[in-house]
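For reference, the structure discussed in these notes is given below.
The values are calculated or read from the model by the stated rules, or taken from the named source; none is laboratory data. Because the structure is a prediction, the values reported are computed rather than measured. Note: ideal-geometry Cβ built from the backbone for every residue, glycine included; neighbour counts use all protein chains shown. To get the accessible areas, we keep the full protein, side chains included, count just its heavy atoms, and leave off ligands, DNA and RNA. Shrake-Rupley method; radii C 1.70, N 1.55, O 1.52, S 1.80 Å.
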Amino acid sequence: MTKRFNTIETLRVMLAHPDIMFDSIQTMDDLNSRFIRETDFIRRIRDYMTNLSDEDRKRVQVAFKTNNLLRNQVIADIAKHDGERLLVFQDEVLNLFRLCEASLHQELTDSRLKSHLDSLRAVCIRLESASFSDLDPDYTEQRDDLLKQLSDLLGVLRKNVSSIESLNQQLEKISAKASYNEQHFARFRQEMFNNISQVYERHIKPVLAFLNDKARLSDGPNLFKVLHEVQSLFERRNHPNIADQIFLFSMSFTSVYKPMSRISAEVERFLRKTRQGILESNAMESSYQLLLSKYEETTTSNMRKKFIAKSYAQESGYVVGLKRRPRPQTYRFSDSKSYLDNFFSEIELRLDDMTRLKSILPESGLYQREGNADERMRRAKLLFQFIDGMRFRPTQDLLAAMHQRLISGFGEYEIHDLLSSLIRISQRFQGKDSELIINTTNRRRYLQLDDKAFYYRVRMLSRTIQHE
């Protein structure tokens with residue numbers, strides 16, 4: 001066996017034994033450094049070779065030798081600092097191993113995204129004065145540079161999405177680790193909350209802002225406006241093929257926005273729940289410590305302190321007013337005729353709603369609540385069209401019934417849709433010839449949707465006397 005490897009053989013051995021580079025890259029990322037000490041690198045190689053066969057040990061020893069890596073340009077440079085040799089790997093080699101291990105992928109930051117956008121803007125400015133002749137090397141270099149930058153940016157964004165999608169697996173691992181040790185659960189949860197908050201603020205939100213085609217930037221046009229300008233420029237100069245490529249890049253960037261927005265919503269929901277859990281845990285721990293101190297006062301020899309002080313109820317706030325709370329009502333199935341009639345009537349109404357929704361709702365994205373005035377107006381008209389075609393039956397709580405019917409089918413339903421529906425229904429049943437009438441009671445209830453709650457007076461829908 002030769003003692004010298006070429007670049008292909010060296011990379012083949014490195015990829016066959018990737019743990020050495022994985023650990024080295026992780027160390028550089030932890031230290032926020034672009035180099036690794038040669039002594040640390042050699043120590044990792046020796047530790048790894050302990051469990052290898054003699055043949056594999058020889059191949060690893062030759063391939064990972066510093067001189068071999070430098071000769072084959074795997075290492076870009078060897079610097080010296082304080083008497084130590086520092087190995088600087090080629091970016092292409094590091095990116096290759098980052099591609100093989102999702103956990104080593106570097107998330108996009110706001111600074112890196114701005115650098116990409118500034119480069120695209122610069123290319124766009126240079127193309128305005130280009131000759132657009134394939135015989136001009138300056139033009140061809142600028143054109144190829146533009147397409148390469150777009151390809152690199154799209155690849156980085158897609159890798160970023162894949163890396164962030166693995167965030168759920170990391171959360172599961174952290175949660176499982178915390179569940180094994182209940183004593184350190186609070187610390188694990190706090191660390192998890194801090195880490196995910198940093199990822200959300202520093203890596204997810206900048207990407208969403210970067211891929212937002214409606215974003216207005218103070219330093220110039222956003223990504224999609226730059227692509228539109230370049231596409232128009234190539235179309236005007238009779239280069240339809242390049243213009244079509246840029247249009248396809250624009251569509252690809254739009255497709256990346258959808259999974260990122262979904263991940264952002266999941267992470268935001270997780271952070272909201274985690275923050276609420278931390279606050280509740282702190283509140284319960286504080287109350288428990290207060291109760292424990294009050295209890296310890298009753299264990300002394302002082303016979304006058306046989307009971308926990310009444311002040312605990314006032315200080316904790318858990319007991320005061322508890323007797324005024326109504327008991328939770330149980331939900332029981334019944335075999336009576338009236339119950340079965342109401343049950344099947346509700347199923348019939350829900351199925352009728354689903355059938356009508358499929359026929360009147362447009363394609364996805366047309367009735368989004370976020371948009372311009374025309375889109376919001378179309379959404380409101382669709383809601384009113386849905387309400388006007390609804391069939392109703394007498395009910396003890398009209399708002400609760402409407403809430404359940406809207407939340408099960410209408411796109412991106414929110415509480416303000418319920419208020420709009422109530423106004424529409426009130427107009428429908430206010431005539432003298434109406435067979436149903438709305439009666440407002442003094443009883444109050446509340447509805448909850450995500451982190452929002454609506455406190456309302458109960459409205460009954462009953463039959464009028466002439467229709468009974």
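Taking the condition at pLDDT 80 or above and either assigned to a helix (DSSP H, G or I) or in the same structural domain as Lys148 (by the TED database) (or both), does Leu279 pass? For Leu279, the condition - at pLDDT 80 or above and either assigned to a helix (DSSP H, G or I) or in the same structural domain as Lys148 (by the TED database) (or both) - is not met. Any residue in segment 367-379 that is modelled with pLDDT of 75 or more and of a type outside the set (A, V, I, L, M, F, W, C)? Within segment 367-379 (the criterion being modelled with pLDDT of 75 or more and of a type outside the set (A, V, I, L, M, F, W, C)), the answer is yes, since at least one residue qualifies. Taken over segment 223-246, the criterion of being open to solvent by less than 40 Å² (accessible area, probe 1.4 Å) and polar (S, T, N, Q) is satisfied by Gln231, Ser232.
Has segment 247-270 got any residue that is open to solvent by 60 Å² or more (accessible area, probe 1.4 Å), closer than 17 Å to Leu153 by Cβ and of a type in the set (Phe, Trp, Tyr)? Yes.
Taking segment 11-39 as the range and being polar (S, T, N, Q) and either outside the structural domain of Leu96 (by the TED database) or touching a Lys or Arg at 6+ places or on another chain (Cβ under 9 Å) (or both) as the test, the residues that pass are Ser24, Thr27, Thr39.
This table checks each residue for (1) β-branched (Val, Ile, Thr); (2) touching a helix residue (DSSP H, G or I) at 6+ places or on another chain (Cβ under 8 Å).
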position	(1), (2)
Ile20	yes, yes
Asn67	no, no
Asp82	no, no
Leu99	no, yes
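Pairs are defined by a Cβ separation below 6 Å, a sequence spacing of at least 6 or placement on different chains, a first member in segment 391-417 that is more than 15 Å from Gln448 (Cβ to Cβ), and a second member that is of a type in the set (Lys, Arg) and modelled with pLDDT under 80; the pairs so defined are Glu412/Arg369. Quick check on Ile78: is it over 30 Å from Arg158 (Cβ atoms), in contact (Cβ under 8 Å) with a residue 24 or more places away in the chain and of a type in the set (Val, Ile, Thr)? In short, yes.
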